[in-house]
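The structure appears right after this line, and notes come after that.
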Amino acid sequence: MSYAKKDEDADMPGFKLDRTSVFQDARLFNSSPISPRKCRALLTKIAVLLFTGEKFPTNEATTLFFGISKLFQNKDPSLRQMVYLVIKELASTAEDVIMSTSIIMKDMSVGSDVIYRANAIRALCRIIDGTTVQGIERLIKTAIVDKTPSVSSAALVSSYHLLPVARDVVRRWQSETQEAASSSKSSGGFLSFSTSAQHSLAASNTNYMTQYHAIGLLYQMRSHDRMALVKMVQQYGQAGAIKSPAGVMMLVRLAAKLAEDDPSLRKPMMQMLDGWLRHKSEMVNFEAAKAICEMRDVTDAEAAQAVNVLQLFLTSPRAITKFAAIRILHNFATFKPQVVASCNTDIEALISNSNRSIATFAITTLLKTGNETSVDRLMKQISGFMADITDEFKITIVEAIRTLCLKFPNKQAAMLAFLSGILRDEGGYEFKRAVVESMFDLIKFVPGSKEETLSHLCEFIEDCEFTKLAVRILHLIGVEGPKAPQPTKYIRYIYNRVVLENALVRAAAVTALAKFGVGQKDPEVKRSVTVLLTRCLDDTDDEVRDRAALNLRLMQEEDEVAERFIKNDSMFSLSTFEHQLVMYVTSDNKNIFSKAFDLSTIPVVSHEQALAEERTKKLHTATPTLKAPSTGPTKPQMNGAAERGASAATNTQKYQEAFERIPELRAYGPVLKSSSVVELTESETEYVVTAIKHIFKQHLVLQYDIKNTLPDTVLEDVSIIATPAEEDEPTLEEDFLIPAPKLATNEPGTIYVAFKNLEEAFPPFPITSFSNILKFTSKEIDPSTGEPDANGYDDEYEVDGLDLTGADYVVPAFAGNFDHVWEGVGANNNGEEASETLQLGNVKNLSDAAEQLPQTLSLQPLEGTDVVLSTSTHTLKLYGKSVRGGRVAGLVKMAFSAKSGVTVKVSIRAEEEGLAAKVVASVA
């Protein structure tokens, strides 16, 4: 018997279809009498073409659509079902399909055959548009509450697809959808799940899929109203309210999303998730456990029950159950290994499981949770089945060992022996690359393993089939080899590559070889390297010859010159380099390119500093967050030093381009800084308002972005009355206001309010609070004409205030040495300092504070201080520049205690008068 995979479609000429010939065969639909068998065969061919991506032109699709519509006269049930299937797919391409609405509606009526009703509903909802949904509203509402599950589900899913074109109409069907969600209609289908073998056959064929579809539709209807979503979860989350496991799973995901979005809902939602851990359906148990484990900042106590439930599933007789449980534990062990460690006994029993996927996840989980004493035993068990698993799982194991190398450096000998062993096994590029990267980390972070690891890598490149890996290893040998106690033993391996490999590897080998001769104190070794490089001058590849000639010339120079060129141990700070380049190419100054980019402004760091930053990134992974779709506008998140600077520059450039098209704002000159988006209303309110503050040389412009969410309502002459707080000596005076002429439903509009600084320029840095009142004329839309009423009424809507703080005049910037900057901005250098001690009530730990404070102060963390390594104390080093170019430095000392929370002392130094105190006040 042959076990070779057979391409079943290759021997079926019926699937090798030509669109033109099929279209010509469609004349069959006009024949009389109609042959149901031949028509079904032809419809099947059309369906195959459509489902394999073939597109009929509009004229052909229209002809086919109306030709197929004639088949409705035939009473053959199988033919009628095929007709619905095909016209549903043709409806998006054909023209004038609305003419067939009345024919399809006959099969939607309550008295028609139930076998046609579900198909008719699906087809009709593809044919109609948003203007005709109201005409079938009664039929759809009746179908939603139909006692036949297939009809009810078809109506619910079709309503889901109608939401984008007729959201307001579909929202009126909430009562019928709620009735469907509460009904106990059931049917067998693809969503049938059973939790144990003891369930009866009737129970295993019961899935209540109507409830699942109804819950999904209700979520879409209420996605704009968070409180309605909370009530829905609480109503249907009660025991027995929903019998569909898939429906409960949707509630689990929604509860987790609500807990993630709103801290005030976290406790009740976590209680519900904990209750679902004891649901009778395994799929619900797994979904609840996964949601808890992926929750942001989940505590050990919150995760304990989920881990206990997953531990019970590890002993299940079903392989799929064990796999699901160990996979969730494996991911969670990356962030909370101490919690998962309680399951180690049961996880160890899975190492010998016949399913290699389960055994692989068990091993990698134990590597994350085990202690130093268990490493040797685990390494022996891993070696036993490495040859039986795929490269994907091998890479998973190698990544776990890579982390273990950094965690337990004393065990590097056993880990190195294992890595070198699997490096000689069969495998693809990605697998070999993962092993080589792990060995690179050993060399970087475990100095005691350097010499032995280099020896293993030298042996590997003797028969390495991957050019990229050979080049990387040769570069590493060139860097680390000359520093070894016996550097000459590596020269042979390098020269072998010059003789035996392709041009790319030969060129890399020449460069690596030269590093053994530059600065070499032993004249015999230097002479040998010179001889070998001289032989390379006869190479067939010009790149190899050029490199050899250049390095021979450098070896004749003084050692200091050659070492600075070849053995340069320093490098530019790449994050600063990237930021400065972005600022250079996105500058508002049109003459910026008249002078070359200044490399002298980029700080130079040693390789040791770069390695320290890299090690910190490898050992401290960010806490996972729930990846759920947002129901409203979110504030932009800034991740990473370079990204924060680049994003600020890009935003300012974007706004500047928009202002160039507005004459009043164009006269103000370039924008010095644009703030991030500030939300002035909740995302669920009738009028959603956000604001952005733009700082100019002598002006302040407030940009208000407004969206009207009221249905069937138009707002005209929309403006904002922005009033600064009363002061003894006001410094801001309103210059002009640019209103939004008209705001239709869900269409955004922008209002600009400009203020003139009464001082000569902004160095006084005025700070104030603006009260904001939205004024407009509201007009309702006449349903019959679709036009707004002639007469509206004036209305006002008060939104939250907007604060102008000292941080609005500061832009994050980079500096190579914080201590030098801190001293340079001190009082001895005509600088100014302000400090204040504060209690932060809105942060949970030091990591949160280290993330929020730089954004609040608009300063850039330096020297890796944005990574918090201690749970009790931490110091933030911050730097930036004012919009006028003056330096601003910040030093934030933080302390955490369980009783008082996070306490900070914020110290700011600035070169410009009055700015330091105002930046400190931004935190209060």
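For segment 64-92, residues that are among the polar types (S, T, N, Q), exposed (fewer than 15 other Cβ atoms within 10 Å of the Cβ) and part of a helix (DSSP H, G or I) total 2.
Here's the yes/no breakdown for (1) touching a residue at least 60 places away in the same chain (Cβ under 8 Å); (2) in contact with a Ser or Thr (Cβ under 9 Å, 6 or more places away or on another chain); (3) over 30 Å from A898 (Cβ atoms):
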| position | (1), (2), (3) |
| --- | --- |
| E796 | no, no, yes |
| D803 | no, yes, yes |
| V821 | yes, no, yes |
| G826 | yes, no, yes |
| L846 | no, yes, no |
| L869 | yes, yes, no |
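From the set of residues in segment 882-896 that are in contact (Cβ under 8 Å) with a residue 24 or more places away in the chain and in a loop (DSSP other than H, G, I, E, B), which is surrounded by the fewest Cβ atoms within 10 Å (Cβ to Cβ)?
Looking only at segment 882-896, we keep the residues that are in contact (Cβ under 8 Å) with a residue 24 or more places away in the chain, and these are 882-884, 886-892, 894, 896.
With the extra rule that they be in a loop (DSSP other than H, G, I, E, B), the set shrinks to 883-884, 886.
Details: V883: 19, R884: 15, G886: 18.
Residue satisfying both the conditions and the ranking: R884.
Have a look at S882, S872 and point out the one that is of a type in the set (S, T, Y), under 19 Å from F765 (Cβ atoms) and in contact with a strand residue (DSSP E or B) (Cβ under 9 Å, 6 or more places away or on another chain). Full working, then the answer.
Values: S872 fails: under 19 Å from F765 (Cβ atoms).
Criteria check complete, one pass: S882.
Checking segment 58-66 against the condition returns a match, with at least one residue being at pLDDT 85 or above and under 30 Å from T142 (Cα atoms). A residue that is closer than 13 Å to V892 by Cα and part of a loop (DSSP other than H, G, I, E, B) can be found somewhere in segment 850-862. Here A470 clears all of (1) among the small types (G, A, S); (2) surrounded by 17 or more Cβ atoms within 10 Å (Cβ to Cβ); (3) under 30 Å from S354 (Cα atoms) except the condition numbered (3). Scanning segment 26-51 for residues that are polar (S, T, N, Q) and modelled with pLDDT under 85 gives N30, S31, S32.
Within segment 307-349, the set of residues being within 25 Å of the chain's Cα centre (by Cα) and among the small types (G, A, S) comprises A324, A325, A333.
Taken together, the criteria exclude F431 from residues that are under 23 Å from N344 (Cα atoms), touching a residue at least 24 places away in the same chain (Cβ under 8 Å) and assigned to a helix (DSSP H, G or I). Listed by first and then second residue, the pairs linking a residue in segment 234-245 that is within 14 Å of S183 (Cα to Cα) to a residue that is modelled with pLDDT of 85 or more and in a loop (DSSP other than H, G, I, E, B), with Cβ atoms under 6 Å apart and 6 or more places separating them unless they lie on different chains, are Y236/I242. Of all residues in segment 754-790, which are part of a strand (DSSP E or B), at pLDDT below 85 and among the aromatic types (F, W, Y)? Answer for segment 754-790, where residues must be part of a strand (DSSP E or B), at pLDDT below 85 and among the aromatic types (F, W, Y): there is none.
Number of residues in segment 667-692 that are out of contact with any strand residue (DSSP E or B) (no Cβ under 7 Å at 6 or more places or on another chain) and closer than 28 Å to A744 by Cβ equals 6.
Of the residues in segment 95-116, at least one is touching a Pro at 6+ places or on another chain (Cβ under 7 Å) and surrounded by fewer than 19 Cβ atoms within 10 Å (Cβ to Cβ). Taken across segment 369-385, residues that are in the same structural domain as E437 (by the TED database), assigned to a helix (DSSP H, G or I) and small (G, A, S) do not occur at all. Taken over segment 901-917, the criterion of being surrounded by fewer than 22 Cβ atoms within 10 Å (Cβ to Cβ) and either part of a helix (DSSP H, G or I) or among the aromatic types (F, W, Y) (or both) is satisfied by A917 alone.
Would segment 332-340 turn up any residue that is of a type in the set (G, A, S), without any contact (Cβ under 8 Å) to a residue 40 or more places away in the chain, in a helix (DSSP H, G or I) and farther than 24 Å from A291 by Cβ?
At the first step, the residues of segment 332-340 found to be of a type in the set (G, A, S) are 333.
Next, from what is left, pick out any that are without any contact (Cβ under 8 Å) to a residue 40 or more places away in the chain: 333.
So of that shortlist, the ones also in a helix (DSSP H, G or I) come out as 333.
Adding the requirement that they be farther than 24 Å from A291 by Cβ leaves none.
No: zero hits.
Looking across T403, T396, one residue alone is at negative phi, part of a helix (DSSP H, G or I), free of Cβ contacts under 8 Å to residues at least 40 places away in the same chain and not aliphatic (A, V, I, L, M). It is T396. Scanning segment 360-380 for residues that are farther than 23 Å from F335 by Cβ and surrounded by 16 or more Cβ atoms within 10 Å (Cβ to Cβ) turns up just one, M379.
Taking each residue of segment 23-51 that is outside any helix (DSSP H, G or I) and looking for partners that are surrounded by fewer than 18 Cβ atoms within 10 Å (Cβ to Cβ) with beta-carbon atoms closer than 7 Å, six or more apart or interchain, yields I34/N74. Residue-level check: of (1) closer than 30 Å to I320 by Cα; (2) at pLDDT 90 or above, K231 misses just (1).
None of E260, E282 is at pLDDT below 90, touching a helix residue (DSSP H, G or I) at 6+ places or on another chain (Cβ under 9 Å) and either crowded, with 16+ Cβ neighbours inside 10 Å or not aliphatic (A, V, I, L, M) (or both) except E260. Taking the stated definitions as given, is L251 in a helix (DSSP H, G or I) and either farther than 26 Å from S159 by Cα or touching a Cys at 6+ places or on another chain (Cβ under 8 Å) (or both)? The answer is no for L251.
Scan segment 849-864 for residues that are under 25 Å from the mean Cα position of the chain (by Cα) and modelled with pLDDT of 85 or more and jot them down. If the condition is that a residue be under 25 Å from the mean Cα position of the chain (by Cα) and modelled with pLDDT of 85 or more, then A849, A850, E851, Q852, L853, P854, Q855, T856, S858, L859, Q860, P861 are the ones that fit.
T20 - would you say it is assigned to a helix (DSSP H, G or I) and closer than 15 Å to K88 by Cα? Break it down into steps so the answer makes sense when it comes.
Numbers: assigned to a helix (DSSP H, G or I): yes; closer than 15 Å to K88 by Cα: no.
So T20 fails the test.
Collect the residues in segment 285-302 that are of a type outside the set (D, E, K, R) and under 25 Å from the mean Cα position of the chain (by Cα), keeping them in residue-number order.
In the first step, residues of segment 285-302 are kept if they are of a type outside the set (D, E, K, R); the result is 285-286, 288-289, 291-293, 295, 298-299, 301.
Scanning segment 285-302 gives F286, A288, A289, A291, I292, C293, M295, V298, T299.
The values are calculated or read from the model by the stated rules, or taken from the named source; none is laboratory data. Not measured: the values here are computed from a predicted model. Reconstructed Cβ throughout: ideal geometry from the backbone, glycine too, with neighbour counts over all protein chains shown.
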